Amino acid sequence: EAAVTQSPRNKVTVTGGNVTLSCRQTNSHNYMYWYRQDTGHGLRLIHYSYGAGNLQIGDVPDGYKATRTTQEDFFLLLELASPSQTSLYFCASSGTGGASQNTLYFGAGTRLSVL
Amino acid sequence: GDSVTQTEGQVTVSESKSLIINCTYSATSIAYPNLFWYVRYPGEGLQLLLKVITAGQKGSSRGFEATYNKETTSFHLQKASVQESDSAVYYCALGGGYKVVFGSGTRLLVSP
């Protein structure tokens, strides 16, 4: 079954810590996205990619790096985590063109706490 | 910029009563936006509830309906009779190209 899988589901780290969030999709989609979701805000786009080796900057990229190693795998890196990055993170994928355009398929989310 | 505004916070509705969650949008960089409602159940990721890509058309799914109104730039979500299982967070969104912009989400609590 096609899916988007995120790991870990929960993560606690300290200020200045190094965190990597992982995402794998089996939808054969070209586009993958990282969003963060905070109370009072909609999902805000951090980074996205349209294929292996590609990276595009989203709307709230500061403090985040990302890497797309394969069509299936997209990673979000926080190299010096700060308390402001405490949030719920979602990975998503989407196809291109036609009815699949913009239709996002989401993982279950990773809850990150930075103490 | 592009933005979505929806009913804020939490909405509580008694089971079998009707529901409306308001959504309005502003699409300044997207000429022909697609409009979406996503739903997030506890412990799960968002999933598509319904999608409409043509102004004037109505989308429906699981008893929910929303009509793409270009004149009023609205895409309100309605259901005639809610069930406890509809308790979730609902997100309105607009999309074009690679870009999808979300509203802040509305938590629906259906009371028995």
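Please treat every number below as a calculation from the coordinates, not as lab data. Just so it is clear, the model here is predicted, and its values are computed rather than measured. Counting neighbours? That spans all protein chains shown, and the Cβs are built from the backbone with ideal geometry, glycine included.
Looking at the protein assembly as shown alone, DSSP beta bridges between its own residues are antiparallel in about 90 percent of cases. Checking the Cα-Cα distances for B:Lys17/B:Lys58; B:Lys17/B:Lys99; A:Lys11/B:Lys99; B:Lys17/B:Lys70; A:Lys11/B:Lys70 against a 32 Å cut-off, the pairs over it are B:Lys17/B:Lys99; A:Lys11/B:Lys70.
Can you tell me how much longer the chain between B:Lys70 and B:Tyr41 gets when fully stretched, taken as 0.36 nm per residue apart minus their C-alpha distance, in nm with one decimal?
7.5 nm
Computed from the alpha carbon positions, the gyration tensor of chain A leads to an equivalent ellipsoid with semi-axes of 23, 14, 13 Å, biggest first.
When each of the peptides A:84-93, A:62-71 is scored by the mean number of other C-beta atoms lying within 10 Å of its residues, the order from highest to lowest reads A:84-93, A:62-71.
So if I take the alpha carbon set of the range B:59-112, get Rg, then get Rh from the Kirkwood formula, what is the Rg over Rh ratio?
1.01
Taking a virtual spin label 7 Å from the Cα of A:Ala3 along the C-beta vector, which residues in the range B:27-56 bring their backbone nitrogen under 14 Å of it? In the range B:27-56, the label zone of A:Ala3 (backbone N under 14 Å from the point 7 Å along Cα→Cβ) covers B:44-45. Shown here are the Rg and Dmax of the Cα trace of chain B, at 13.4, 43 Å.
Directionally averaged projected area (the protein assembly as shown, Cα convex hull): 12.2 nm².
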